Amino acid sequence: LAVHRIENQVFIDNTAYTELFGEDDFYKVVVYTDAPEYLETLSGDLQILLGNKTSIKGSDALYRQMKAPLEQITKVVELMLLLTFVTGTVVISLLLCMWTRTRQKEMAVFISMGERKIKIFLQAILESVTLFLISGIASCGLGSYAAKWLQNLLISSNTAEISLQISLQAQDIVFLLAIGGAVVLIAVFLAVFPILKTSPREILSRMEG
């Protein structure tokens, strides 16, 4: 078994091998791929290319060992994302409910003056979306700074040479806007709908009482 240990092997180029052994061929060829899911297809293509003079062996053991924990981490992240979405919707809805309670009289007066309820609903959405965009821009800035800090933390001068780039991508920003927009729409609807379905007279009489 010691023959196959890496420290007991000598690697040379094909020119030196030919000069030493007088054989103009290869003893062993190692092929690496960045798409291990197509390993069988690659092995078949190499077998066709090299013919029956070679014996091809493929192994994706390391890939499968790394794939299992990554899939588990992905599932955990998806679960955390779902919990964050639900929690964010509940918390923002409660905050908007507290906010709309202070503006019940204002909304009731506007409705009694002939303003359409859909216009008041759109005004509440506009105000919430404006605040969301401001917070989204701030979070993107903090996210970019955190990505650089995390990259410097993971790669230091004491570690091996690793190519790693952590950055905030455009698709991440689009995903943030989509999820955040959905949370805002749901929260505004849950907060404003009970007021809009109540008659202005009932709201004003309740507040006067």
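Taking the 1.4 Å solvent-accessible surface of the range 26-155 as the whole, the part contributed by carbon and sulfur is 68%. Per residue, the range 27-85 exposes 95 Å² of accessible surface when a 1.4 Å probe is rolled over the protein heavy atoms with every protein chain present. Name the shape class, rounded, prolate or oblate, that the alpha-carbon gyration tensor gives for the range 44-91, where a ≥ b ≥ c are the square roots of its eigenvalues, rounded holds for a/c under 1.5, and otherwise prolate holds if a/b is larger than b/c and oblate otherwise. Note, shape of the range 44-91 comes out prolate.
Note on the chain: GNM, Cα springs under 10 Å; of ALA178, ALA138, ALA35, the largest mean-square fluctuation is that of ALA35. Within the chain, the longest run free of GluC sites (Glu not before Pro) that sit in a DSSP loop with at most 15 other Cβ atoms within 10 Å is 24-114. Ranking SER112, ASN8, VAL29 by Cα position along the charge dipole of the range 1-116, where only Lys, Arg, Asp and Glu carry charges on their C-beta atoms, puts SER112 farthest toward the positive end. Can you pull out the trypsin sites (Lys or Arg not before Pro) in the range 44-102 whose DSSP state is coil and whose Cβ has at most 15 other Cβ atoms within 10 Å? Those satisfying the criteria are LYS57.
For the residues THR198, THR84, THR41, a GNM of the chain with alpha-carbon springs under 10 Å puts the largest fluctuation on THR41. Can you give me the relative contact order of the range 1-154 as a percent, contacts being Cα pairs under 8 Å and 6 or more apart? Dividing the mean separation by the residue count of the range 1-154 yields 8 percent.
Specify the longest stretch of the chain that does not include any exposed loop site, a site being one of the chymotrypsin sites (Phe, Trp or Tyr not before Pro) with a non-H, G, I, E, B DSSP assignment and at most 13 other Cβ atoms within 10 Å. Between exposed loop sites, the widest span is 33-209. When the square roots of the Cα gyration tensor eigenvalues are ordered a ≥ b ≥ c, the ratio a/c for the range 4-102 is 1.5 or more and a/b exceeds b/c, which makes its shape prolate.
The values are calculated or read from the model by the stated rules, or taken from the named source; none is laboratory data. Since this is a predicted model, take the numbers as computed values, not measurements. Cβ sites come from the backbone with ideal geometry, for glycine too, and all protein chains shown count toward neighbours. SASA here: full protein model, heavy atoms, side chains in, ligands and nucleic acids out. Shrake-Rupley method; radii C 1.70, N 1.55, O 1.52, S 1.80 Å.
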